[in-house]
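*Asks:* Right, I'll just put the structure down here and ask away after.
The values are calculated or read from the model by the stated rules, or taken from the named source; none is laboratory data. Computed from a predicted structure; not experimentally measured. Every residue, glycine among them, receives a Cβ derived from its backbone with ideal geometry; neighbour counts consider all protein chains shown.
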Amino acid sequence: MKGLYIQQCKEHPPKIHDLVKLAKSSQLEVADDNLRFMNQLNRFNIEGRYPEYKNSIKAVANYEFTYEILLKTQELIKCLKSLKQ
C-alpha cells in the first residue's frame, strides 16, 4: 500500500500502518469490499503487536480461517497491482 501511495502521491507516505487510511489518502479507487477486508487485516496487525491479544487471534485463526484470509489477501494484492498500472 505504501508503494502505491508513493506512486500516486509522489511523496513519502504517512508513518501509519492503517491500510484503509493509506488507500483513501492515496486517492486510489479501491472497491468497498477490498476496503472492508483491509480493515480486517488491520485488526490482525494491531492485535499481533500486543501480547495480550495473541490468545484472541489464536481462538479464531484455525486452518480454514487462515487459508481463507490467505486467499483473500492474494486477491487483494492482484487488485492493488492492477491499480498500479
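*Asks:* Suppose we keep only residues that are aromatic (Phe, Trp, Tyr) and in a helix (DSSP H, G or I) within the stretch 37-80. Which one would you say is surrounded by the most Cβ atoms within 10 Å (Cβ to Cβ)?
*Replies:* Once the filter is applied, the top-ranked residue is PHE37.
*Asks:* Tell me which residues, restricted to the stretch 28-63, are charged (D, E, K, R) and modelled with pLDDT of 95 or more.
*Replies:* ASP32, ASP33, ARG36
*Asks:* For LYS21, are the conditions met, namely being among the basic types (Lys, Arg), under 14 Å from LYS81 (Cα atoms), surrounded by 13 or more Cβ atoms within 10 Å (Cβ to Cβ) and under 15 Å from the mean Cα position of the chain (by Cα)?
*Replies:* Details: among the basic types (Lys, Arg): yes; under 14 Å from LYS81 (Cα atoms): no; surrounded by 13 or more Cβ atoms within 10 Å (Cβ to Cβ): yes; under 15 Å from the mean Cα position of the chain (by Cα): yes.
In short, no.
*Asks:* Between a first residue in the stretch 14-36 that is in a loop (DSSP other than H, G, I, E, B) and a second residue that is among the aromatic types (Phe, Trp, Tyr) and surrounded by 12 or more Cβ atoms within 10 Å (Cβ to Cβ), which pairs have beta carbons less than 8 Å apart while being 6 or more apart in sequence or on different chains?
*Replies:* SER26/TYR5
*Asks:* State yes or no: is ASP32 acidic (Asp, Glu) and under 12 Å from the mean Cα position of the chain (by Cα)?
*Replies:* Working: acidic (Asp, Glu): yes; under 12 Å from the mean Cα position of the chain (by Cα): no.
So ASP32 fails the test.
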